[in-house]
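Report on one structure; see the data block that follows.
The values are calculated or read from the model by the stated rules, or taken from the named source; none is laboratory data. Since we're looking at a predicted model, the values are computed, not measured. A quick note on method: Cβ atoms are made from the backbone with ideal geometry, for glycine too, and the neighbour counts reach across all protein chains shown. Only protein heavy atoms, including side chains, enter the accessible area calculation; ligands, DNA and RNA are left aside. Shrake-Rupley method; radii C 1.70, N 1.55, O 1.52, S 1.80 Å.
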Amino acid sequence: MKHWEIAFTGRWSPVLILVGAAAAALVAYLFYRRKSAHLSGASLSALAGLRTLAILIVTLFLLQPVLRLTRTELTRATVAVLVDSSESMGIKDSAGDRSRLEAGKEVLSRPPHAILERLARTQNVRLFAFGTVTAELADAERLGELRPEHKATAIGQALKHVIKETRQEDLAGIVLLTDGVSTYGDEPEQVARTLGVPVFPVALGGRIGQRGRFHDVGIARVPQNPRFIVDNEAAVRVELAHAGLRKFTSEERRLELRLLEDEEALAAETVEFPAEDGTLEKELKFVPKRIGVHRLRVSVDSLRDETVTENNSRVFTILVTDPRIRVLIVEGAVRSEYRFLRRVLESDPNLEVTAVVKLSGKRYLVQGVQPGLDLSRGLPSSEEDYGKFDVVILGDIGREEFTGLQLEYLKQFVDGGGALLALGGYHAFGAGGYADSALADALPVTMAGEGDGHVEEPFLPTLTSDGKAHPVFTGSQEFFDGPQAGCTLDGANKVTGTKPGAQVLATHPTQLAATQPMPVVAVQSYGSGRVMALTADTTWKWKFQVEARGMDSPYYRFWRQSVRWLAGREEERMAPDQLVSAWAARIECEPGEPVVLRARVKDQDNDPEDNATVEVRITYPIAVTREGPDGQEMTETETTVPLELLPLSMGEYQASWQPPASGLYRATASARNDEGELGTAQLEFVVGQAASEFDRVDVAEETLRSLANQTGGSYHTLATAGKIPDELEQRRSLVAHREERHLWNTPWFFTVFLACVTAEWILRKRRGLN
């Protein structure tokens, strides 16, 4: 459509200019009329006409006329088409037993709707497919290659991706083909509030649970972040959902529920589902045999002709651990050995430490974990209270501080499977009055009485052959025998010997007990429990003696290994050839929360390895888009995280890492030392709710309608989707193209003016006029 108009753009008022022009024309006419006697009629008309034309041209110069042309046309904008290709698009609940994705493809490319073809007549069409990530399809032919294979649906991310990709274009709208169930990323409705572009959702699928032909059983929920104790019965609670079972007999509704690790069945139960729709909880019990992270699968048999079978199985991760070792330390004074021992044990995450120290008179201070029982007399006062602990460490505290019943209970505690560690001191062993107490039977050393006395001179303990092979001294032998030896003690309690069956791990180099070297460290089994006697009380000096030489001290290793051996935890329950184990501190974490990754490493001799290079290669649940070093976007599917040695640990490594997205992460930890590769270990963890594509199979109509309402678009089903091209056509806007042509400011205009003036001058000269 074209339109034109003439406008005057001069500075002077058009009225004044026209009045002046008329006056000038009148003067010219009167002048030539006075000369009419000397001119013929033709000459008079010619001269008057030329003067009037010249005045008219001057008038136009002053008016400055402009010709304005306006041409309008409809715009050709961009329309983005988004097609969901997640796993739920494979559900066959559309007419003709088609999958949701197949129905979406047909409405886009085939008559009667043929949306893509109709849009392309008047718009620029860009076609995208999305699931966990969004990718543009080169042309409509690629649409036929789409498969429902993405593990998650990120509708919010897909909308933001389209806006970013078309930021340099005039985006008229977004056509969104999906079931509306977003299982990953930003909420679509929140993203819609900031789009500024109309969205036209096309609902793929339906409310299949409301259709008479639909019937389904599935795993609705599995445990989150479960932790179990090895060799103890564990219960896994699962929630089962069922719908449309009225037409099935009770026998057909009786299905097998199984708990498996790999293909090994851990537990099974026959479940009879009710005919009415709903959910029910079931509990599967099993006994885990190995510590570490395990990937379990719970599954239920499928119904006859079940529509959706993908939700009949679900995988989850569990962590199997030894229980924390509960330690009770009882001391007679706040001495250096007590302070350092409590510090090193409390730094071990696998220990739970309660410390009781005598202050003055009969007053005791309870520090560390409060066990919720009476410790006002140092030791527990009832047989049941000892069950709160796994290991009791008795320090420099005399026999007279306890009742005979308390010590009897302590002996029964050890006999029943508990553990006792007796430390040296001026009020310990014989010097403390324990030679004739109930504990004398349990201790691995013999005592004469309160006159046993002490060795006051510093000495270097000598490890026996049993000591060098015992778990208590694993990794520490070199500090007591050889060029690195230097872990001395400032004295020890004198004892008279060892019990039959006791093992002597370390002796005094010169002091004798009868005819044998006096024991300094001795162990034995008593009933079902274990007992260790350490007759010295200055092991805390080992920390400084060795660290002063720039070496790692055996102090922490010695005490942690001693407590583990006493509690029966000295052996890691891993496969014999497994030198690397790895896990996440929490199997399930909240979004935005860092994940703590840990690994335990042993060397080729099966000893804790403190000098390994440990890395964890993590595979993301989805592809993640990041900004690269050059500022360009790049897509990542995995990353590698190095782990650092935990100070004062026994071959334990750790790192804190921030996950970039929600979902299930799979990782492989690897370790190597100077001698070569030590091995690998698998681990998994979940960030946020690990939603399944088949948790919700009904179309989210409310979500799709909300997207349309918030953005100014319109909601459609497959039946009405053909209206979208017409709606977009009606929304196309007119664009006006304007052009101005200055009629007065042209060479020919000036030329005509000169021609008129010149012609008039020549004619006047010929007629003899001034």
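Quick notes on this one:
- Selection from A235, L171, H215 lying farthest towards where the dipole of region 151-240 points positive, charges on Cβ: H215
- Anisotropy class assigned to the chain is prolate, per the alpha carbon gyration tensor with a/c at or over the 1.5 cut-off and a/b larger than b/c.
- Each of A158, L143, V191 was placed along the dipole of region 113-204 (beta-carbon charges, centred on the mean Cα), and the one lying farthest toward the positive end is V191.
- Peptides 289-297, 348-356, 753-761 ordered by packing proxy, namely the average of other Cβ atoms within 10 Å per residue, highest first: 348-356, 289-297, 753-761.
- For the chain, the dipole from Cβ point charges (+1 on Lys and Arg, -1 on Asp and Glu) about the Cα centre works out to 6740 debye, to the nearest 20.
- Simple label model, 7 Å out from Cα along Cβ direction - A22 to L69, nm: 3.4 nm
- Accessible area of the chain divided out per residue, in Å², using a probe of 1.4 angstrom: 48 Å²
- Local electrostatic count, I155, Cβ distance below 9 Å [Lys/Arg +1, Asp/Glu -1]: -3
- Calculated on the Cα set of region 104-250, radius of gyration then Dmax: 20.8, 70 Å.
- Listed residue pairs exceeding 24 Å between alpha carbons, taken from K282/K388; K388/K468; K362/K543; K362/K541; K105/K723; K358/K499: K282/K388; K388/K468; K362/K543; K362/K541; K358/K499
- For A567, distant residues with modelled amide H under 5 Å away: none
- Computed FRET value (nearest 0.05) for I229 with A333, which takes r as the C-beta separation and R₀ as 25 Å: 0.10
- P(r), alpha carbons of region 440-550 - 5 Å bins starting at zero, rounded %: 2, 12, 22, 24, 20, 12, 5, 2, 0
- Estimated dipole of region 277-384 in Debye, rounded to 20 [Cβ of Lys and Arg +1, of Asp and Glu -1, Cα centre]: 780 debye
- Each peptide in 598-607, 188-197 gets a packing score, the mean of other Cβ atoms within 10 Å over its residues, and the list from highest to lowest is 598-607, 188-197.
- Fully extending the segment from E478 to S360 would add 38.4 nm, taking 0.36 nm per residue of separation and subtracting the current Cα-Cα distance.
- Heavy-atom surface analysis with a 1.4 Å probe gives the chain a carbon and sulfur content of 49 percent of its accessible area.
- Highest to lowest packing among 370-383, 418-431, scored as the average C-beta count within 10 Å: 418-431, 370-383
- Within the chain, helix-based [θ] at 222 nm, where runs of 4 or more DSSP H residues each add -39,500 (n - 2.57), nearest 500: -6500 deg cm²/dmol
- For R326, the residues whose amide H sits under 5 Å from its own are E352, D390, V391, ignoring neighbours fewer than 5 places away on the same chain, with H placed 1.01 Å from N.
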